[in-house]
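Working notes, structure below.
The values are calculated or read from the model by the stated rules, or taken from the named source; none is laboratory data. Since we're looking at a predicted model, the values are computed, not measured. Virtual Cβ from ideal backbone geometry, glycine too; neighbours counted across all protein chains shown. The protein model used for the area step is the full one, side chains on, heavy atoms only, and it has no ligands, DNA or RNA in it. Shrake-Rupley method; radii C 1.70, N 1.55, O 1.52, S 1.80 Å.
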Amino acid sequence: PTHRLRYLHSQASLSTAATTFTTATSFLANLASVLRPLREFGFVMGITMVLAWLIVFLTFPPLLVISEKFHRDMKAALLRYSAGKEAAVAAAASSSDIKVLDSEKPKLKRQTTNAQALTMRSTRKVALLIDPEK
């Protein structure tokens with residue numbers, strides 16, 4: 001995902017900056033007005049446009065990378081947890097002193113399948129957010 005974000009920055013930075021700064025300039029042109037409320041409005045909106053662009057362009061991509069890394073770690077932890085649970089059931093089933101009821105085995109299998117399905121769905125959602133063309 002980081003190479004896609006670099007490509008996004010290289011392609012979109014100039015065009016979004018141009019539109020943002022022309023809009024901010026048009027708002028800041030109101031500073032020449034004789035009406036005080038119009039001057040204040042132009043100043044606030046011009047500064048707000050520039051700050052919004054900076055916040056979105058400088059903080060959103062790193063947050064996407066952090067979110068993706070967190071999601072991958074969480075997925076790995078869920079898979080390790082479900083694999084560990086399956087191993088514990090298998091060990092308990094093979095042990096002579098602990099017996100796992102046959103009715104519990106499908107329930108455990110269902111829980112593992114549900115966790116895997118949840119991680120797959122959320123992985124697809126994050127992938128669509130990062131690259132909507134997929």
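Here Ser82 clears all of (1) more than 30 Å from Ser13 (Cβ to Cβ); (2) among the polar types (S, T, N, Q); (3) modelled with pLDDT under 70 except the condition numbered (3). Pro1 meets all of the listed conditions (1) open to solvent by 60 Å² or more (accessible area, probe 1.4 Å); (2) modelled with pLDDT under 80 but one, namely (1).
When Lys69 is tested against (1) without any contact (Cβ under 8 Å) to a residue 40 or more places away in the chain; (2) touching a Leu at 6+ places or on another chain (Cβ under 7 Å), exactly one condition is not met: (2). Filtered by the rule that a residue be open to solvent by less than 90 Å² (accessible area, probe 1.4 Å), more than 29 Å from the chain's Cα centre (by Cα) and of a type in the set (A, V, I, L, M, F, W, C), the stretch 33-76 gives Leu38, Val44.
As for the stretch 15-27, it holds no residue that is in a helix (DSSP H, G or I), open to solvent by less than 80 Å² (accessible area, probe 1.4 Å) and in contact with a His (Cβ under 8 Å, 6 or more places away or on another chain). Only residues in the stretch 30-57 that are at negative phi and among the acidic types (Asp, Glu) count as the first member; pair them with residues that are in a helix (DSSP H, G or I) and surrounded by 15 or more Cβ atoms within 10 Å (Cβ to Cβ), Cβ under 7 angstrom, at least 6 apart or cross-chain, and list the lot. Qualifying pairs under 7 Å: none.
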